[in-house]
Amino acid sequence: MLKLYDFIPSGNSYKVRLLLSQLGIPYERVDVDILKGETRTPAFLAKNPNGRIPLLEIAPQIYLSESNAIMYYLARDSVFLPRDPWHFAQVLQWLFFEQYSHEPYIATARYWIALLGREREYRDELAKKREPGYAALKVMNQHLATRDFFVADRYSIADIGLYAYTHVAPEGGFELDAFPNILTWLDRIGSQPGYIDIHHIPT
Ligand SMILES: N[C@@H](CCC(=O)N[C@@H](CS)C(=O)NCC(=O)O)C(=O)O
């Protein structure tokens with residue numbers, strides 16, 4: 001059985017939990033508390049030298065890291081990943097966008113404020129996250145002006161990848177009210193079959 005090394009508040013981990021739920025794939029969940037340094041123990045570093053979750057054990061001692069790579073692995077033969085090269089490449093485009101232009105700003109701000117509770121301490125660093133974070137939201141909002149989903153007008157792992165940290169962006173101080181297309185899209189994602197919210201602990 002697949003084993004997911006996971007931390008419930010993590011948006012990167014949530015991408016994988018949400019996809020596994022929607023694929024109906026059973027798995028074992030191993031809680032790794034990043035706030036207690038559990039990703040940096042010798043035992044965990046032997047599994048993922050990069051010291052981060054999510055981490056998927058696809059067979060005994062065969063590990064895959066990086067949330068978006070894990071989503072690709074799980075979704076490869078499913079309706080959540082288009083097969084034709086043009087749409088497949090667009091899914092990659094949005095997943096790379098998420099990791100380079102979105103997550104470093106929106107997720108990091110949430111981590112400092114909501115998970116660490118250190119808004120005051122990180123005030124200057126947080127200020128630097130605002131402009132690029134809002135720029136990413138603007139790009140998403142524009143794209144969604146004429147589409148229901150990010151690629152090929154079908155729900156895909158591109159949507160899951162972007163949903164994970166966008167829907168909790170206000171926890172990092174990013175207000176979404178000025179982005180009506182994003183708000184409608186968030187509702188649309190929340191009504192997909194098999195949807196679970198980020199707090200849901202799979203049994
Ligand atoms: N690019 C990676 C980022 C993974 C990541 O940053 N994981 C964080 C939690 S969201 C983590 O494990 N932090 C613990 C640490 O750095 O020790 C992905 O998409 O999976």
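The values are calculated or read from the model by the stated rules, or taken from the named source; none is laboratory data. Note that the structure is predicted; figures quoted are calculated from it, not measured. Cβ atoms come from the backbone with ideal geometry, glycine included; neighbour counts cover every protein chain shown. Only protein heavy atoms, including side chains, enter the accessible area calculation; ligands, DNA and RNA are left aside. Shrake-Rupley method; radii C 1.70, N 1.55, O 1.52, S 1.80 Å.
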Fully extended contour minus Cα-Cα distance, from Val139 to Ile196, at 0.36 nm per residue: 17.9 nm
Would you please put 140-148, 181-189, 64-72, 35-43 in order of how densely packed they are, using the mean number of other Cβ atoms within 10 angstrom per residue and starting with the highest? 64-72, 181-189, 140-148, 35-43
Share antiparallel - DSSP beta bridges, the chain, percent rounded to 5: 60
Measuring from the lowest to the highest alpha carbon on each principal axis, how far does the chain reach, largest first, in angstroms? 46, 45, 28
Taking springs between alpha-carbon atoms closer than 10 angstrom, which of Ala127, Ala158, Ala169 fluctuates most in the Gaussian network model of the chain? Ala127
Can you give the net charge of the other residues whose Cβ lies under 12 Å from the Cβ of Thr184, counting K and R as +1 and D and E as -1? 0
Residues of the chain: accessible area per residue with a 1.4 Å probe, Å²: 50
Only helices counted: for the chain, with every DSSP H run of 4 or more residues adding -39500 (n - 2.57) and the sum spread over all residues, [θ] at 222 nm is -13500 deg cm²/dmol
Around Tyr63, what is the net charge, scoring Lys/Arg as +1 and Asp/Glu as -1 over all other residues with Cβ under 12 Å from its Cβ? +1
Hand me the GluC sites (Glu not before Pro) from region 75-121 located in a DSSP loop with no more than 11 other Cβ atoms within 10 Å, in residue order please. Glu121
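Report, in listed order, any pair from Lys36/Lys138; Lys36/Lys128; Lys3/Lys138; Lys15/Lys138; Lys47/Lys128; Lys47/Lys138 with a Cα-Cα distance greater than 32 Å.
Pairs exceeding the cut-off: Lys36/Lys138; Lys3/Lys138; Lys47/Lys128; Lys47/Lys138.
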Rounded to the nearest 0.05, FRET efficiency between Arg154 and Ile8 (Cβ-Cβ, R0 35 Å) equals 0.80
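Determine the share of the chain's accessible area contributed by carbon and sulfur atoms, expressed in whole percent, with a 1.4 angstrom probe.
54
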Give me the distance in nm between label points sitting 7 Å out from Cα along the Cα-to-Cβ direction at Thr184 and Ile62, one decimal. 4.4
